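The values are calculated or read from the model by the stated rules, or taken from the named source; none is laboratory data. Keep in mind that this is a model prediction, so the values were computed, not measured. Every residue, glycine among them, receives a Cβ derived from its backbone with ideal geometry; neighbour counts consider all protein chains shown.
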Amino acid sequence: MPARAPVVISRWAVLTAFAVLCAFPFGWATFTMFKSDDDLYTVGHVPFLYNSPPTLVHLKVLFTETAFLTFVRNSLEIGVIVVAITLAISVPAAYAIARLTGQWGGRLAMTVFIFYLVPPTLLFLPLSRIVADMGLQDTIWALVVVYPTLTAPFSTWLLVGFFRSIPRDIEEQAMVDGYSRVGALVRTVLPLAVPGLFTVVIFTFAFTMNDFIYAVAFISSSSNMTVSAGVPTELIRGDVFFWQSLMAAAVLVAIPVALAYNFFLDRFVQGLSLGAVKG
Amino acid sequence: MAEVEVREIRKTFGAGNPAVDGISLTCEDGEYLVLLGPSGCGKTTLLRMIAGLEHPTGGDILIGGRSVRGLPPRARKIAMVFQSYALYPHKRVEQNISFPLEAQGLSREERLEKVKWASGLLGIGHLLQRKPRQLSGGERQRVALARALVREPQVFLLDEPLSNLDAKLRASARLELKQFQQRVGISTIYVTHDQVEAMGLGDRIAVLNLGRLQQIGTPEEIYHQPANTFVATFVGSPPMNLLQRDGKIIGFRPENVELEKEAASRDDATIIRSRVLRVENLGADRYIYLRVKDDKGDTNIIAKLPIDHPLKVAADDDADLVVRRRHLRVFDRESGAKVAA
Amino acid sequence: MSEPAVRRRTVIIDESFRVHHLLDRESVLGPVMLAPLLVYLVALVGLPLLLVIYYAFTDATTGSSAFSFTGLDTFQKTLADPVFRTALRNTVVFTLVAQVVVIVLATILGFVLSADFRGKWVVRFLILLPWTTPVALSALSWLWMLDSLFSPFNWILGSLHVIDEGTPVAWLGEDSLAVASVIGLQAWRTLPLAAVILMAGLTSIPPELNEQAEVDGAGFWRRFFDITMPLLAPIMMVAILFGIVATFTDMAAVYILTRGGPGYATQVLGSWSFYTGIQGGSLAQGAAIGIFMFPVLLGVCILMLRRASQTDVV
């Protein structure tokens, strides 16, 4: 191919265009969260400038006068417990599918994946009934019990790929060297699967943060809400939107989650395509 | 006595043909037994059943005279070395070697002592703090052997451990393996598809094909008295020449051929008329490719002569192949089995 | 050395193992390890799934725990409801349009992302933001960005005199614009995942194939359609299917951006099911609405299953 320069330039142009397209709403949110009220709400002002000096007062309001920190605490608590439950049920299941099921392995993996495709927007009605019957209505335990249904199928699928990539030799050697299958799993496979386990932890956590419908369907008291449920519903009182604080809340949550995702993205896609291509 | 015996052992995977189809053999105490055969012949499956990594579909396995069928690998007091050596990548060499001892619940001092002993025997004491990825192929083999040794097992099982080594390294690795086994005197069952390895290492060789035992014997017996055409052609490079004659198959090794332009008939030898196709000069030997007529039509024959042996024929010449009677082997045309001459 | 270096011992095989530790039997171990996951899924996915189907044939409400079987009554009511028909149509249209846009854009983006370049991490971070951010929060940022009074777009359009300063564009207040906004949000948030999946697919194509075609004389577009696209097709299907499921079953984006409005113009199955079921109190009707998601989901399942059985299922 002749002249490379036009191709390179247009690649950068395309990338910049996409980066702007994707990040603009967040850029706008980040910019406006420091705008003072008089600046923001005066229609005549140029929105792209700080006509009055930027201020941190909205952040202060967010932390001290709203339930934001409560929401964050709830989300973190739920996240940690759900990660623990997810690991406890996915790791053995994924190992069994990867090593112990022979011909059935592929079909089992697919069945697990099918469960993943059943959407929360279909299940939230009967589950809200079940949750109420269990007496967990309006507590974070409702979410702790239900979220693994979102996270476990995907985590299992991901882990099957990781376990398959560890050579069987190593486990069999450990079995010959004196351990049972479970012993070999714990001592040789798990240490080697740590990157995979980390990935599962991150994505499980992110999935729990992402849910909206279960959180609003099961929980009504502000003190028990998660970030996703609480920020759009509680920080908006009637028609008065505390926009700057709202945007601050959105950005403060989005950035760490995005950072975590980015660290583990390569493994995620590997697991995704391994699982998708090889069942 | 740590002899290993399999009786009528059988293994079928799923609905297909059996991978191992009724094999019975014994590895004597302290013996180095080689299981030799092409890929898919069932040798690795057999080894894995002895280890306990596969469950036999039929038959029995005995170690030291007691049946171990149904016992998990860790109960059989065996050690195994895989083709990849299966060194634990996340552990140092020292921890790799002491790993089997942790399962036995030995104290830290006892473990350290045994690791020192095993690594001393194999000359890898200086490598104890390294990680597997920092080791060469030969070093990895020694670590795998040290780990196998440290349990003081009754049986060693080795699955093609030399295949992953550089060709140049294999001869010296072979020497080390053999010397090691002779020093420790542990019964060893060794799987390979490489007949040179088998001939060099084995006290006895069991030749397998299609899940069945073809022949078991010393390397000399296997080489000079093959039990059937499979063994005859599998062992030896170039393989034994086979011709159909008078309703039987006769065989002779390339190095047992003499070539003359015109040979007088003799009582102690068979003479076959042939045409020389090509002479290959390979340094220490000459390979001479000849065409002969047999019951089926035209067949190619290879003769192997040392380089300093004067060559009396050239390409496109007609020549007489002379094979002494005692070098001739006869096989049944249908079954391939050896028959009396 | 004539003595073997290893002490000879009589063979001791640990006979206690004959008690057959149950967990040594792999036929037992496998199911035991799978059980927790399967029990969990059957109880909290399988069972509710059956329940929701059942509800649609009853008159269940959130108010009382008593309800009775009413046959196809609820379905008839649902099908007669004009909002339901709007929701159904919207769900299909939004999904289709959004995902078509996504596939085209994601292919381009996947292409340009597949090269290595400086600052790739930053670019990737920015491009992933729409997908990595929790749906509710990114919908919130759109809500602010499209606010009819304070949207930066309105300000730009106004200062360019494209629109009258006094009549700002009601991005979320006017039917067709609201629809466009929702579609835009759905496409925007599913684009990054599709792009990343396609990028992985592109990098897995051996470069020799394109190089061979170049040597054989094929130009850029020819290579793209004859070599790249066919090889990309399976993984593209995975990306599309994920996008379809995400858009088709969504409720959060619509709920937060428009509440299904203006009026009912942007209602979709998920959000209408939520309004009817939770806020309206009729579990039965909510269930009946949600059930219409089935055909598409089933179709997706079948496609995925067929793909999995085509490739190596080990």
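Cβ-Cβ contacts under 8 Å between residues 6 or more apart (or on different chains), taken from a first residue in the stretch A:22-49 that is more than 7 Å from chain C (Cβ to nearest Cβ) to a second residue that is among the charged types (D, E, K, R), are listed as A:45/A:39.
Here residue A:125 fulfils each of the conditions (1) at pLDDT below 90; (2) crowded, with 23+ Cβ neighbours inside 10 Å; (3) over 27 Å from residue A:248 (Cα atoms); (4) among the hydrophobic types (A, V, I, L, M, F, W, C) apart from (1). Selection over the stretch A:138-173 of residues that are assigned to a helix (DSSP H, G or I), free of Cβ contacts under 8 Å to residues at least 60 places away in the same chain and either outside the structural domain of residue A:97 (by TED's automatic domain parsing) or within 20 Å of residue A:102 (Cβ to Cβ) (or both) gives a count of 3. Which residues, taken from the stretch B:186-223, are hydrophobic (A, V, I, L, M, F, W, C), surrounded by fewer than 18 Cβ atoms within 10 Å (Cβ to Cβ) and closer than 19 Å to residue B:48 by Cα? Matches in the stretch B:186-223: B:210 only.
Evaluate the following for residue A:78: is it modelled with pLDDT of 90 or more, within 18 Å of the chain's Cα centre (by Cα), among the β-branched types (Val, Ile, Thr) and surrounded by 18 or more Cβ atoms within 10 Å (Cβ to Cβ)? Here the answer is yes, as residue A:78 does meet what is asked.
Listed by position, the helices (runs of 4 or more DSSP H) inside the stretch B:71-165 whose residues that are closer than 24 Å to residue B:34 by Cα, in contact (Cβ under 8 Å) with a residue 12 or more places away in the chain and of a type outside the set (Asp, Glu) number at least 1 are B:108-122, B:137-149. Contact list please: Cβ distance under 8 Å, first residue in the stretch A:52-68 and without any contact (Cβ under 8 Å) to a residue 40 or more places away in the chain and hydrophobic (A, V, I, L, M, F, W, C), second residue assigned to a helix (DSSP H, G or I) and loosely packed, with under 13 Cβ neighbours inside 10 Å, pairs at least six apart or on different chains. Close Cβ pairs satisfying both conditions: A:63/A:69.
So that you can scan it fast, the table gives a plain yes or no per residue for (1) part of a helix (DSSP H, G or I); (2) away from chain C (no Cβ under 11 Å):
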| position | (1), (2) |
| --- | --- |
| A:51 | no, yes |
| A:55 | no, yes |
| A:80 | yes, yes |
| A:123 | yes, no |
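Looking at the stretch B:151-160, can you tell me whether even one residue there is within 29 Å of residue B:220 (Cα to Cα), among the aliphatic types (A, V, I, L, M) and at pLDDT below 90? Give the steps one after another, and end with the answer.
Step one: of the stretch B:151-160, the residues within 29 Å of residue B:220 (Cα to Cα) are B:154-160.
With among the aliphatic types (A, V, I, L, M) added as a condition, the list becomes B:155, B:157-158.
Then drop every residue that is not at pLDDT below 90, which leaves none.
No, the stretch B:151-160 contains no residue that is within 29 Å of residue B:220 (Cα to Cα), among the aliphatic types (A, V, I, L, M) and at pLDDT below 90.
Within the stretch C:21-56, the set of residues being part of a loop (DSSP other than H, G, I, E, B) and either at pLDDT below 55 or surrounded by 17 or more Cβ atoms within 10 Å (Cβ to Cβ) (or both) comprises C:56 only.
State yes or no: is residue C:73 without any contact (Cβ under 8 Å) to a residue 60 or more places away in the chain, among the acidic types (Asp, Glu) and more than 30 Å from residue A:27 (Cβ to Cβ)? Answer is yes for this residue.
Among (1) more than 14 Å from chain C (Cβ to nearest Cβ); (2) aliphatic (A, V, I, L, M); (3) assigned to a loop (DSSP other than H, G, I, E, B), where does residue B:53 come up short? Of the numbered conditions (1) more than 14 Å from chain C (Cβ to nearest Cβ); (2) aliphatic (A, V, I, L, M); (3) assigned to a loop (DSSP other than H, G, I, E, B), the odd one out for residue B:53 is (1). For the stretch A:155-171, filtered to residues that are closer than 12 Å to residue A:190 by Cα and in contact with a Ser or Thr (Cβ under 9 Å, 6 or more places away or on another chain), the residue that is farthest from the other protein chains (Cβ to nearest Cβ) is A:162.
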